[in-house]
Structure formats: C-alpha cells, structure tokens
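Nothing in this text is a laboratory measurement; each read-out follows from the coordinates by a stated rule. This is a predicted model, so every value here is computed, not measured. When we count neighbours, we look across all protein chains shown, and the Cβ atoms used for this are built from the backbone with ideal geometry, even at glycine.
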2 protein chains.
Amino acid sequence: MDVARLAGVSQKTVSRVLNDEPYVSADLRRRVLGAAQDLGYRRNQAARALASGRTRSIGVVTLGTALYGPTSLLVGIERVVREAGYTLRVAATVEGDPGGIAGALASLLDQGVDGVVISEPIDEGAGLISVDVPVLVLGAPPNFAAPRVVTARVGADVHARAATEHLLELGHATVHHLAGPQRWYSARDRLAGWRQALRAHGADEPPVVEGDWSAASGYAAGRELAGDDTVTAVFAANDDMAIGLIRAQLEAGRRVPEDISVVGFDDIPLAAYVTPPLTTLRQPLDGLARQGLALLIHVIENPEAEVAPAADQPVELLVRASTAPPPPRPTSGRDRRAILHPPRGPHGRP
Amino acid sequence: MDVARLAGVSQKTVSRVLNDEPYVSADLRRRVLGAAQDLGYRRNQAARALASGRTRSIGVVTLGTALYGPTSLLVGIERVVREAGYTLRVAATVEGDPGGIAGALASLLDQGVDGVVISEPIDEGAGLISVDVPVLVLGAPPNFAAPRVVTARVGADVHARAATEHLLELGHATVHHLAGPQRWYSARDRLAGWRQALRAHGADEPPVVEGDWSAASGYAAGRELAGDDTVTAVFAANDDMAIGLIRAQLEAGRRVPEDISVVGFDDIPLAAYVTPPLTTLRQPLDGLARQGLALLIHVIENPEAEVAPAADQPVELLVRASTAPPPPRPTSGRDRRAILHPPRGPHGRP
DNA sequence: CTGAAAGCGCTAACAG
DNA sequence: CTGTTAGCGCTTTCAG
C-alpha cells in the first residue's frame, strides 16, 4: 500500500488510523492522514467488504411506482441511512410480479447488505425467503423469517378510524369508503379502521368501492357514487383518489362539501391547495422512516441487544374545506336513482 | 469452494459456469448448476468486485426530495437498471448543501459503481470532482470532467416555448412566468423557452416571479399577482406551483380560465383531476431515463465505442380547462391596483 | 502501541 | 474444454 510506504509505517497502521481504532500515537496518525491526503487515497470498499464481511450498506425493497407514500418513505430512508454513515441500495418490485419481494430481497442479500428494509410490502401470498441479516418491515404485519425482524408502522387503522369518526361526528348517517387495493396492507388497515368506526357508532356499513390509489380510479368511483345521493360522506384511502372522486362529484353537479363530504389520507403537499382544500390525515412517514431505521441500525450494530418494537406514530387530522355537516334534507332512500340533479352550476366555496 | 467439490470439478469451472462463459461441456455445466442449487450457493459479490474490478452496479445521484420530477426519474432509472442486469445504489443530495453533488459522487465512486447517473443536478457553482467511470447527466448542460459523459435532456426550453405560445395564440397580450428556483437547470430552461416565445411574438416581458416548486410558493405568487388584473395568462414552471397559483386566484375572486389562464408543467397524475383540470406539458421522463441509461450502459460495456448524444424527447401539450382566451375587456393599465374585485362568487366551470 | 503473516471468495492469466 | 497459480486490497489474527 503506497500510503503505508509514504508514511513509513505498516499497512496495518494505516488501516487502524483510517478506521479510527485506538492505540495509534497521535504522531503516526497525523503522518498517515497526511500521506493519504497527498495521494488522494480512497479505500476500496469491495476489499473491505470481502475482508470484514460487512458492507456498511443497507438495502431497501420498495415498490417501483411514483406513488406518494412509497417515494416519501424512500426519500426519508435514504436520508437516515446516509446520516448513519451507511450507503443505500435499492431494489424495486413491480406490482403484479409474483415473488417480486423475494427476488428483490435475494438481489440485495447477494450484494451483501448489512440489513434490509422492506417498505410497504404488498401481500404476495407466497412465503418469503429466509434472510440472515436484520430486517425492518415498514407498514405490514411481521411475518418474515429472519433472525431479527423489527417493524414500524403508522397504525393506519387508528388514523382511518379518526377520519371516519370526524365525518360521523359532523352528523353523517354513515360514511362510504373508497378503499385502496386490498393486496396492500396499508389499504387493509384503512379499511379496518373505517369499519371499526362505523361499528362503534352503530352506523350502517355500505359496500366498499375499491380503487387502485390513482386519481383516475377515484374519478371512476366518484361517477359511480354520484348517482346515489344518500352518499353524503366518503373516506378515501388516499388523497389522489379523494381528488379524483371530488372531481367526478363536481362534474355531476354535486357540491363539495355542501352535498358531499370527502376525507383523504396522506396529506400530500397539494392537498391544501386543491379546490376545495382537502380534509385529510397526515401520515408521519418521515418519523416512521427515522424511527424504524434507528431500530434497524441498532440491531445491526448490537446483534445481541433486545429491542422494543417501535411505538405507533401519532395521528394528525387536518380539517380543511372538503368536509361539512350533511345536507339538511336527505332524499328519501327509495327511487333515489331516478332523481335527476339539474346542474346546479359550479361547485361553490365562499 | 464446496460447490466445486460436490460437483467434482475445479473452482474455475464453477466460475465459468456461473458466468455463462463458453467452453464448458453441457454435462459439467449441469453438474455444477445442480450442486450450486443443492447447496443454495450464492456468489459473493464483494469478492467478485474485488477480483474483477467491476460491480455491475450503477449509482445515481439524485435530489433528496419527494418532488415529482426527480422521483419519477428515479423510479424509471431503477427499472431500466434492473432490467439491464445491474443493481442500483443511491446517494441523495440535500438542497443547499454545498458540494452535495461532489460528495454524493465520491460516495458512489468509493463503492465501485461501474457508471453513474446524475439526475437533474442543480448548479452548485463549485467544480465537480473528476470521475473515472462513464457518467450520464440527465437534464443539465454537460460540464463534468469524466472520460465518457453522455447526456440526455427533455429540451424543456422547447416545451416551455410551446406552452407560452399556446397562451399567446389564445390571444393573450403577454404571458407571465412563475419560474422555478434558478439554481435548477430545468428551471432555467423553462424560463429561457418562455422568453423565446415572448420575443418571437413581440410580446412584453413582464417581471418573473420565482417560486420553489411547491404549491405553497405558487399560492404566494398567486396572491401577489391577483391584485393585478392585467395578468391574464401565467405559465408556471411546474404543476404544483400552477395549482397553488390557481388556488390563490380563486380565493381572490378571479375565475380560471375566464379571467386568467394558467399552464403548468409536468403533467402530474393529478393534473387532469384538479379544478379546473390543468393544461400542462407532459414530460417524457420515462423515455428520458430509458434512453439515457441505454446510452450509459452501452458506454460501460463498450468503452471504445463512439456514441451519438441522445435526441431530445418530444413535446406534448395537453390542453385541458385551465386555459382560454383572455377576458374581452382588459382593464386599462393604470390604477389597476386600486380596482377591487367584488367577490364574484365561486369560480366556475360549466 | 506497532508489525508480519494469513486469508476473505472470487476471477485473470496461463498452462495443459 | 479444463485445471493451476496468483493475486484483487483490505482486515484479521497473533506476535512483538
């Protein structure tokens, strides 16, 4: 090693200095650092990994879409990983690709990551390959075969329940739910929370409409629902669908929130600026990433330590202008499909 | 190596089989594959990298935000990288962190990536470290010291020009521009295109308002502009700002598009579902990623080959409901700030 | 506190 | 077609 020669020490001393190991005299340390600097020396990570069995890298399995939730998580994960001195490797899965998670995981493991985080997995039915490094699962039930699995979740069911209750407390007889794809654990959680709220209040449970998270699917659902004016309140499983749904309502001549209230989920940055500004739930995605990774890194670096599971993240309901009490005189239940709404002109908001 | 022993061959033969090298008998190949299978053998990538000097990984320097452009590109990049049989390493930069790109690049290079893509860099003023692997720069002028730099861009100036011309052709006397942060090359491109269009049509060039890509900044700009009703058309540098701006206009009692037309940029999935549906430009981000990476991988695998620069991606203007001809009787230029708009009630859309 | 020797698990080069 | 011999550049023993 040239650095060692230039500094007139052994290779091992260089290694010690660069790894901040103790038992090196200040003088040697200075000399080595100087030599390394002069030579523009950088350690070869592949060699380090081979010799030490560690890569100081963390792999993340995420979904290959630009959806708000997964991408926000990814951004948060990257930041925390970097701050902790690790590097990030990414393997995305494609929806509908069976065994996608297992494949992505295998690829990451091949690369020798020290730990992996599985972000918002969807239920693939299949069992997962066993993993010999610590795993962090973000937003799903812990059902992975790994020596050390830690999980962190937002407790979406609690949130969904709060959203639904907000609507119920406004006086709506019941609340419809525009659900996310049920292969997603987060979509199931939200559905469950909605159902809990309805039961707790003794409200009817209307049939669930399922979307695919997109505004387009929300729009389609909105057209379906627009014909039925007993629908006075909808809890959508994410903001995009909520916005699509609102759009469909407006086009059908129903006003939001006067005729129908809508609550979203996520608090995307746009939520406060659409018309009407959307009442929604903020997901503490950043806290989730931060908290989960702190746990994961702790387990990586202290293989023997016991870890307490992460606490659920807090709920935050943002009441804006898309929710209001139900319209005074709900149409009688029967023949409702026959009632034609004259276009009342544009949707209003003072 | 156990696999070699089990199959009764040399280590090198195993290596050959696993690397799909020629000159191995079908029989041996079968035997080796079988043994590897039985043992659940996986190659150690660190050792491969050390011995071969290649990692079959590509690094990407991206911005650590959840903005639509950067994240969509990242998703596209990941997919193409995976399809090409490479793995992905990510290093994000933080806005405002000087030398962020250089640092991220250094981290990636340390990891021994075979190539790197710099996605939507911002101008950091500082020079960039020199790089000894092929580099793909997405969306910026090529000014990097690297043996092989390839670039691909969307030609945002052409797009911006088209957006501005759309407004001009609708009859607007001029078009205001709500720009993105000028440290971003893409923001500069859009500004340049807007300016070109104005000049070509001999229109006045109003002062530029600069936002930070967020809907909140668009809203702030919208409030500023709302007092001036000579402003009949605005080209916003992205959809989020356009939506924030529209919101501010509506709150000020100005109708979109009757009183003021707005064009966005990006065609985020929500653009067609906000109120009014946003006229915008679709960025062929996916094509960009695909095209750029094809080039990069070609250069990685054929170090000697000459490459033609990627062709600019095509323009696609999506005319929806946020643009219309200007209002019939524009208020005279003077005293315009004194004119109070009685709240005309809600913004309309038939 | 410091150094010498011995690999980590693979692939490159050269023989057979 | 197949095997042998050396390393890749570090970190880990284990002695000084």
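Per-structure values
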{"quantity": "Number of positions in the stretch A:1-50 that are among the hydroxyl-bearing types (S, T, Y) and under 42 Å from the mean Cα position of the chain (by Cα)", "calculated": "2"}
{"quantity": "Looking only at the stretch A:42-52, and only at residues there that are polar (S, T, N, Q) and in a helix (DSSP H, G or I), the one that is nearest to DNA strand D (Cβ to nearest atom)", "calculated": "A:S52"}
{"quantity": "Selection count where residues are near DNA strand C (Cβ under 10 Å from one of its atoms), more than 14 Å from chain A (Cβ to nearest Cβ) and either of a type in the set (S, T, Y) or surrounded by 14 or more Cβ atoms within 10 Å (Cβ to Cβ) (or both), scope the stretch B:20-52", "calculated": "1"}
{"quantity": "Leading residue by the ranking (farthest from B:A46 (Cα to Cα)) among those in the stretch A:1-14 that are among the charged types (D, E, K, R) and either within 14 Å of chain B (Cβ to nearest Cβ) or within 13 Å of DNA strand C (Cβ to nearest atom) (or both)", "calculated": "A:R5"}
{"quantity": "Single match in B:E316, B:E304 (criterion: over 26 Å from the mean Cα position of the chain (by Cα) and surrounded by fewer than 20 Cβ atoms within 10 Å (Cβ to Cβ))", "calculated": "B:E304"}
{"quantity": "Failed item, numbered, when A:A106 is tested on (1) over 24 Å from A:D239 (Cβ atoms); (2) in contact with a helix residue (DSSP H, G or I) (Cβ under 9 Å, 6 or more places away or on another chain); (3) hydrophobic (A, V, I, L, M, F, W, C)", "calculated": "(2)"}
{"quantity": "Failed condition for B:A66, given (1) within 14 Å of DNA strand C (Cβ to nearest atom); (2) in a loop (DSSP other than H, G, I, E, B)", "calculated": "(1)"}
{"quantity": "Which numbered condition A:V17 misses (of (1) within 9 Å of DNA strand C (Cβ to nearest atom); (2) within 14 Å of chain B (Cβ to nearest Cβ))", "calculated": "(2)"}
{"quantity": "Close pairs from the stretch B:107-125: first more than 8 Å from chain A (Cβ to nearest Cβ), partner aromatic (F, W, Y), Cβ under 6 Å, at least 6 apart", "calculated": "B:I122/B:W184"}
{"quantity": "Residues of the stretch A:8-41 that turn out to be part of a helix (DSSP H, G or I) and within 13 Å of DNA strand D (Cβ to nearest atom), as a count", "calculated": "13"}
